[in-house]
Amino acid sequence: MSRIGRAPIAVPAGVEIKIEENNVVTVKGPKGTLTEQFHPNMVISMEGSELHVTRPNDLKENRSLHGLTRSLLNNMVVGVTEGYKKTLEVNGVGYRVALEGGKLVMNLGFSHQVTMEAPEGISIEVPTPNQIVISGYDKQLVGQFAANVREKRPPEPYKGKGIKYSDEVIRRKVGKTGVKK
């Protein structure tokens, strides 16, 4: 049995879960509402204030879907109660970011400014000119938008310039060595 899949999901007070036909689950909480359709083989049930995911048999596909379904449901419950946050750091001389009218404006060493608009459900904060905080209630959306921002200027291994996650470690390389003849 899947160790992750068999663990029940505790549903905190203030979170409303609706399980409809075809495994469409709607989770409504203080931060927002998330709806997801899960594989029809998985059985999702609400027992008291706990959410349980069970599988019909031990076929390989069902075993792999069991833990996945439980993790996605847990991410939905955590998202509508606490939310998710990704912090990015901008390193480099002259590299800076600013928030102008809800749009993220970045100076990243190009001849032009890079402007990005946040999708619905995502909020951006710029506490300092070299830090970006992306937050929201949908884990997938927060992670994807953070990856899109990082993609504009990924960190390079020689000087470490670029946009990186705050907890990311950049493996540095040694530059050229002056060989004398």
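Throughout, read-outs are computed from the coordinates displayed, never taken from laboratory work. What you see is a predicted model, and the numbers here were worked out from it, not measured in a lab. A quick note on method: Cβ atoms are made from the backbone with ideal geometry, for glycine too, and the neighbour counts reach across all protein chains shown.
In a shell of Cβ-Cβ distance under 14 Å around Arg55, excluding Arg55 itself, what net charge do Lys and Arg (+1) and Asp and Glu (-1) give? Before the final figure, lay out each step's value.
Details: positive: Arg3, Arg6, Lys60, Arg63, Arg70; negative: Asp58, Glu61.
Its environment carries a net charge of +3.
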| note | The helix 139-151 Cα axis meets the longest alpha-carbon principal axis of the chain at an angle in degrees, between 0 and 90 and rounded to 10, of 20 degrees
| query | Between the helical axis of 60-81 and the dominant principal axis of the chain, each derived from Cα atoms, what acute angle in degrees is found, rounded to the nearest 10? | reply | 70 degrees
| query | Which of the lysines could be linked to Lys31 by a straight reach, that is with a Cα gap under 30 Å, when you skip same-chain ones fewer than 8 residues away? | reply | Lys18, Lys85, Lys86, Lys103, Lys139, Lys152, Lys164
| message | Quick check: the distance between the Cα centres of region 147-170 and region 72-111, to the nearest angstrom? | response | 13 Å
| So how do Asp138, Asp167 line up by other beta-carbon neighbours within 10 Å, fewest first? | Asp167, Asp138
| task | With a cut-off of at most 16 other beta carbons within 10 Å, and DSSP calling the residue loop, which trypsin sites (Lys or Arg not before Pro) in region 122-176 qualify? Please list them. | result | Lys152, Lys159, Arg171, Arg172, Lys173, Lys176
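Relative contact order for region 84-165 using alpha-carbon pairs under 8 Å, separation at least 6, rounded to a whole percent? If you can, show how the numbers build up before the last one.
Values: 158 pairs, mean separation 29.5, N = 82.
RCO, region 84-165: 36 percent.
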| message | Out of the trypsin sites (Lys or Arg not before Pro) in region 1-89, which ones are loop residues according to DSSP with at most 14 other C-beta atoms within 10 Å? | response | Arg3, Arg6
| Which of Val25, Val114, Val53 comes first, and how do the rest follow, when ranked by fewest Cβ neighbours within 10 Å? | Val114, Val25, Val53
| query | From the list (i) 30, 22, 13; (ii) 31, 18, 15; (iii) 41, 22, 12, can you say which value of semi-axes √(5λ) of the Cα gyration tensor in Å was derived from the structure given? | reply | (iii)
| For the chain, which span is the longest to avoid every loop-located (per DSSP) member of GluC sites (Glu not before Pro) having at most 11 other Cβ atoms inside 10 Å? | 1-119
